């Protein structure tokens, strides 16, 4: 019997501390018109932050619980947890292990995926592969979570982007096609553009590196817009060709939620109407590794995605990594 992976439920969590653009206008009053320009270029008007005493696993927990409850499953039913983030609890051990403990998923194995905003489609593809090739893997919990505001300096204007959040999906084994396939591409020449560059083996954290702010997230060089404007359409076409469907067969598509104009441009390139996509960055900010599952959950809640729809997820993260996945909704 063929073993397919089907997404049977989703969940998400948006923390409660609202940080509007007006708050940032006051914080960065010494940079006239900066917030206005960022708002115009991205569409972001607001973001939400978790409490300062929370870790990434705390943010992931309510999204994971919600997804399992909606699937009618208990934590003990989970065979594997795959967690995608680039704002982990620790450098090591994996944040997925901490989530497994807090969730009480005592029968689950775990691992992390660390390719930033490409993590969720990458993790979905991996979970589908585990289900397809291992008869003992029947339930996989996939989580994308982002708590980057805690790894940023409060006086860095680029904190404009960072919203916290988490999204989750439950994959189960099925005899009916659900997950269709995936595609990926990368451009490692850009690995020094945006990241946290002290605290790993390249530069272990020191008093000097902490004082200089190198253990916090930095945008050191501007990413050329064509990385997404050309990369997303190219990756979507690669995915469609590999899975054997036409672009016109896509019922719904969700992209990394960083710039509204980028999504509009790419949808036009693909020949798809804006009604076939969904955006959440305006009110939730850039939620990184969590933005795709959060947008997916919100689109489902708003009735924009239906049973039988062919859905595509396209993620783009620093490094850079890009990944896309396609599936049929049950």
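What the table shows:
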item: Residue 96 vs. criteria modelled with pLDDT under 95 and assigned to a helix (DSSP H, G or I); result: no
item: In region 304-320, residue nearest to residue 194 (Cα to Cα) [restricted to those that are modelled with pLDDT of 95 or more and crowded, with 24+ Cβ neighbours inside 10 Å]; result: 316
item: Selection within region 11-23 - outside any loop (DSSP other than H, G, I, E, B) and surrounded by fewer than 21 Cβ atoms within 10 Å (Cβ to Cβ); result: 17, 18, 19, 20, 21, 22, 23
item: Failed item, numbered, when residue 256 is tested on (1) surrounded by fewer than 24 Cβ atoms within 10 Å (Cβ to Cβ); (2) under 24 Å from residue 179 (Cα atoms); result: (1)
item: Residues being part of a helix (DSSP H, G or I) and more than 16 Å from the chain's Cα centre (by Cα) - total across region 261-281; result: 12
item: Residue within region 28-37 that is within 18 Å of residue 161 (Cα to Cα), under 22 Å from the mean Cα position of the chain (by Cα), part of a loop (DSSP other than H, G, I, E, B) and in contact (Cβ under 8 Å) with a residue 40 or more places away in the chain present; result: no
item: Candidates 213, 200, 195, filtered to the one that is exposed (fewer than 15 other Cβ atoms within 10 Å of the Cβ), touching a residue at least 40 places away in the same chain (Cβ under 8 Å) and under 20 Å from residue 161 (Cβ atoms); result: 213
item: Residue in region 66-78 that is buried (at least 19 other Cβ atoms within 10 Å of the Cβ), within 24 Å of residue 279 (Cβ to Cβ) and within 15 Å of the chain's Cα centre (by Cα) present; result: no
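The rows are residues; the columns are (1) assigned by TED's automatic domain parsing to the domain that holds residue 231; (2) farther than 22 Å from residue 292 by Cα.
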position: 141; (1), (2): no, no
position: 148; (1), (2): no, no
position: 159; (1), (2): no, no
position: 186; (1), (2): yes, no
position: 189; (1), (2): yes, yes
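The values are calculated or read from the model by the stated rules, or taken from the named source; none is laboratory data. Predicted model only: the values in this text are computed from it and were never measured. With ideal geometry, Cβ positions are generated from the backbone for all residues, glycine too; neighbour counts draw on all protein chains shown.
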